[in-house]
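One structure is given below, encoded as structure tokens.
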Amino acid sequence: MIKSLFFIFFLFLGLFAESLASFPKNIDKMVLVKESIIPAKDVVLPKETPLFLQETVAMYNWINNGKGTKLNIFVPPEKIEEYAQHGPYSDGITAVAIYEDQDIVFVTEHLSGEPLYGTYDRYGNDISNAHPSFNIKVCYECHRGYRDICKYGTCANSSIINIFNK
């Protein structure tokens, strides 16, 4: 019951608040676990591209003036095994996704088993209200909407790079 109330409280805050996840001060000490891209806005994805990737590309392909961007995923060293198992996650920063060409930092953190999300620039400034797709409400909607691949608040799917390398 308490966990449910805790979850509802954070969900409610997420609808109106800025970033809930903390900005990681030690990104340079995290482990790069995945390299991907967001293709340019004029790139046509192959028909077999999973819906999750199609919608992610559609939501973020405007970044870098629509030219595409590198996307790198970093995980704290102590969370590598949890990340490899796709959760459950202990408290603290869980994963950091960085759109490298624009220095946009998406953070997933866990507290009492629940995911918290945040969007920052490289300097730690909260930019969750800079664009509708950065709002943490969108993070919650997407991560909950794809429960088949988004487990314990993080999403795992093949890299978009793999789609083009087939």
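Things to note:
- Positions within the stretch 28-58 being buried (at least 16 other Cβ atoms within 10 Å of the Cβ) and either in a helix (DSSP H, G or I) or at positive phi (or both), in sequence order: PHE52, LEU53, THR56, VAL57
One line per residue, one yes/no per condition, for (1) surrounded by fewer than 22 Cβ atoms within 10 Å (Cβ to Cβ); (2) touching a residue at least 24 places away in the same chain (Cβ under 8 Å); (3) in contact with a strand residue (DSSP E or B) (Cβ under 6 Å, 6 or more places away or on another chain):
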{"site": "THR94", "(1), (2), (3)": "no, yes, yes"}
{"site": "ASP103", "(1), (2), (3)": "yes, no, yes"}
{"site": "ILE136", "(1), (2), (3)": "no, yes, yes"}
{"site": "ILE149", "(1), (2), (3)": "yes, yes, yes"}
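- Here THR108 passes the criteria (1) of a type outside the set (Lys, Arg); (2) at pLDDT 95 or above; (3) closer than 25 Å to ALA40 by Cβ except the one numbered (3).
- Scanning the stretch 105-134 for residues being assigned to a helix (DSSP H, G or I) and in contact (Cβ under 8 Å) with a residue 24 or more places away in the chain gives a total of 2.
- Output for the stretch 64-79, where each listed residue is within 16 Å of the chain's Cα centre (by Cα) and surrounded by fewer than 19 Cβ atoms within 10 Å (Cβ to Cβ): LYS70, ASN72
- With respect to the conditions (1) at pLDDT 95 or above; (2) buried (at least 18 other Cβ atoms within 10 Å of the Cβ), SER90 lacks only one, and its number is (2).
- Total residues in the stretch 151-162, condition part of a helix (DSSP H, G or I) and either at pLDDT 85 or above or buried (at least 18 other Cβ atoms within 10 Å of the Cβ) (or both): 1
- For ALA58: the one exception among (1) at pLDDT 90 or above; (2) of a type outside the set (S, T, N, Q); (3) under 22 Å from LEU116 (Cβ atoms): (3)
- Residue list for the stretch 72-97, filter: aromatic (Phe, Trp, Tyr) and assigned to a loop (DSSP other than H, G, I, E, B): TYR89
- Close pairs from the stretch 36-60: first farther than 16 Å from ARG147 by Cα, partner hydroxyl-bearing (Ser, Thr, Tyr) and in a loop (DSSP other than H, G, I, E, B), Cβ under 7 Å, at least 6 apart: SER36/SER159
- Criterion violated by TYR123 - all others in (1) aromatic (Phe, Trp, Tyr); (2) over 22 Å from CYS150 (Cα atoms); (3) surrounded by 14 or more Cβ atoms within 10 Å (Cβ to Cβ) satisfied: (3)
- Number of the condition not met by LYS25 [criteria: (1) surrounded by 14 or more Cβ atoms within 10 Å (Cβ to Cβ); (2) touching a residue at least 40 places away in the same chain (Cβ under 8 Å); (3) not in a helix (DSSP H, G or I)]: (1)
The values are calculated or read from the model by the stated rules, or taken from the named source; none is laboratory data. All figures in this text were calculated on a predicted structure; none of them were measured in a lab. Positions of Cβ are backbone-derived with ideal geometry, glycine not excepted, and every protein chain shown enters the neighbour counts.
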